[in-house]
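The values are calculated or read from the model by the stated rules, or taken from the named source; none is laboratory data. All of these numbers come straight from a predicted model, not from anything done at the bench. Glycine gets a Cβ as well: all are built from the backbone with ideal geometry, and neighbour counts include every protein chain shown. Only protein heavy atoms, including side chains, enter the accessible area calculation; ligands, DNA and RNA are left aside. Shrake-Rupley method; radii C 1.70, N 1.55, O 1.52, S 1.80 Å.
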Amino acid sequence: MAANPDAILKDVNILGPLNEKTKKILSKEATVFLALLHRTFNSTRKTLLDRRHIRQQELDKGNLPDFLPETKHIRDNDAWKGAPPAPGLVDRRVEITGPTDRKMVVNALNSDVWTYMADFEDSSAPTWDNMINGQLNLYDAIRKQVDFKQGEKEYKLRTDRVLPTLIARARGWHLEEKHFTVDGEPISGSLFDFGLYFFNNAKELVKRGTGPYFYLPKMESHLEARLWNDVFNLAQDYIGMSRGTIRATVLIETILAAFEMDEIIYELRDHSAGLNCGRWDYIFSVIKRFRQNSNFVLPDRSSVTMTVPFMDAYVKLLIKTCHRRGVHAMGGMAAQIPIKADPKANEAAMASVRADKLREARAGHDGTWVAHPALASIAADVFNTHMPTPNQMHVRREDVHITANDLLNMNVPGKITEAGIRKNLNIGLNYMEGWLRGVGCVPINFLMEDAATAEVSRSQLWQWAKHGVPTAEGKRVDKDYALKLLREQVKENEAKAPKGNKFAVAGKYFESQVTGEDYAEFLTSLLYNEITTVGSPAPASKL
């Protein structure tokens, strides 16, 4: 604890509603820590975000990415390794992911999985209540005080087995937390999520046999990983914890990060828990970063599978890189939801899950993600059969040789159809409408859609309008056509939705994103002001 907390808390303000729950999480000591993180690292964060814009300008000129010549010595050096797996992270064959509401936390920890990725990012809408209550729910779950009653139903943590290891996913570097300001600036959402979870729980987690573990999203370079590593070192030093206690798995979900996988592990090496194939965000990133380049136009989303050339190359390179460095290579999300009313359709959906997990296990992944507890047994069965050991780090994949051209190979068979356009409009609208109501993951057509899948839908619509692509039906996609179909979809959804829905607002924002003109870096940044509840500043020194 700093010697003079009141001096540190000068010009630190909380603009979200405060109550006893908030104060349990945002203690004076925790708030001092957040202020320290902001003042130490925010200028570097902003510089790195500016660097993203500079790189985008280069890509817009047609300059394609390649492996970095200045870090070739890191890639070529076989001697260095990441950290060995930490307690509770040796075997991660099935990970369940989802938001941090209390019901989800209990259900996830009661699932037959090995870890639970508690998500403050893509499956959570960052309202102040969601972020604070999520921290409170995890605080209580770690201490096994999370049981609650809802109506007549009781939710209790099971006691017949060791619970899954908890991993928290903070927001990406681009997002801010406008309800908490330091020196007149909002704190980074990343630092807010990480700082509160770490400060309140790190020592308790270690005491209980695991540790402060994180998933890190949306990074675009090894320099962004270096910033996280600096944050980790300061945080551990600050509370008197040994460096290397924190472990972090990086989601490789941007095309630029795919060219820097070795370097990202290297920057985090004492804290590295491996890499994860964030498949939907990866597709989104490919479209976003090359949106001005007609050579990167992709067909309907359903055609962009994990076996198309650029996705297959990305998976193989990730597994090879991780295992060469002695860390986990985690597979992607099965977003299916059981179809209870249609056994035949459900059987087909579950068969597709099994096939996807079989592909991952055979490729050499050390584990995989599911979005629903009912899918855990399918994933576990596949990995138990094909991975009898706790992980597959011994599968070196030295047969794999991936070039820059492989990562950028857009030979994807398929067509652009009006049905595909309408599907993207429906997914984007429904997700945005839910997000505006504070819901971060939305079931649509028996798939759990989150921000990543909404971003793919939005970016494809923009790309098709920008390049005036023809549909399979012979219609050229342009601004007028896109807006016509969007407005039809808004009306159709409004007619089916309860009163008080947000489809009109979602449609207004979506209109700006489907014409091939304006393009927001992220939907979440575009919509964020709509879900903020900024009130009068409350000086943190009064906590």
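Please work out the average accessible area per residue across region 127-221, using the 1.4 Å probe convention, and give it in Å².
So region 127-221 comes to 35 Å² accessible per residue, rounded to a whole number.
GLU224 accessible area, nearest 10 Å², 1.4 Å probe?
The accessible area comes out at roughly 10 Å².
How big is the gap, in Å, between the Cα center of region 460-493 and the Cα center of region 62-105?
37 Å
Once ligands and nucleic acids are excluded and a 1.4 Å probe is used, how much of VAL395 is accessible, expressed in Å² to the nearest 10?
Its accessible surface works out to 40 Å², give or take rounding.
Normalised by the number of residues in region 46-168, what is the relative contact order in percent for Cα pairs under 8 Å and 6+ residues apart? Please list the in-between numbers first.
On the way: 114 pairs, mean separation 29.7, N = 123.
For region 46-168, the relative contact order is 24 percent.
Of LYS61, LYS156, LYS466, which has the most accessible area with a 1.4 Å probe, and how do the rest follow in descending order?
Values: LYS61 145, LYS156 115, LYS466 85 Å².
From most exposed to least exposed: LYS61, LYS156, LYS466.
What's the FRET efficiency of ASP399 with SER303 using the Cβ-Cβ distance as r and R₀ = 25 Å, to the nearest 0.05?
It comes to 0.35.
Quick check for you: with a 1.4 Å probe and neighbouring chains kept, what is the accessible area per residue of region 263-307, in Å²? The partial results should precede the final answer.
On the way: 1170 Å² over 45 residues.
Result: 26 Å² per residue.
Run the accessible area of the chain with a 1.4 Å probe and give the carbon-and-sulfur part as a rounded percent.
For the chain, the apolar C and S fraction of the accessible surface comes to 51 percent.
Would you work out which of MET330, ALA345, PHE296 lies farthest towards the positive end of the dipole of region 279-390? Charges go on Cβ: Lys and Arg +1, Asp and Glu -1.
It is PHE296, whose Cα lies furthest towards the positive end.
How high is the relative contact order of region 213-361? Use alpha-carbon pairs under 8 Å, at least six apart in sequence, and give a whole percent.
21 percent
With charges set only on the Cβ (+1 for Lys and Arg, -1 for Asp and Glu), what does the dipole of the chain come to about its Cα centre, in debye to the nearest 20?
Once rounded to the nearest 20, the dipole reads 720 debye.
Roughly how many Å² of SER536 are accessible to a 1.4 Å probe, to the nearest 10?
We get 100 Å² for SER536.
Taking Cα centroids, how far is region 251-290 from region 144-215 in Å?
Value for the Cα centre distance between the two parts: 23 Å.
Mind listing the Cα extents of the chain along all three principal axes, in Å, largest one first?
70, 55, 52
Nearest 500 deg cm²/dmol is fine: what mean residue ellipticity at 222 nm does the chain get from its DSSP H runs of n ≥ 4 alone, each adding -39,500 (n - 2.57), divided by its residue count? Intermediate results must be reported in sequence, preceding the final value.
Details: 20 runs with 250 residues, N = 543.
Here the helix-only value at 222 nm equals -14500 deg cm²/dmol.
Among THR100, LEU48, LEU483, flag the residue with its Cα farthest along the positive direction of the charge dipole of the chain, charges on Cβ as +1 for Lys/Arg and -1 for Asp/Glu.
It is THR100, whose Cα lies furthest towards the positive end.
Could you do me a favour and compute the accessible area per residue for region 495-535, 1.4 Å probe, result in Å²?
Roughly 51 Å² per residue, with all protein chains present.
In what sequence, largest accessible area first, do TYR519, TYR197 appear using a 1.4 Å probe?
Output order, biggest surface exposure first: TYR519, TYR197.
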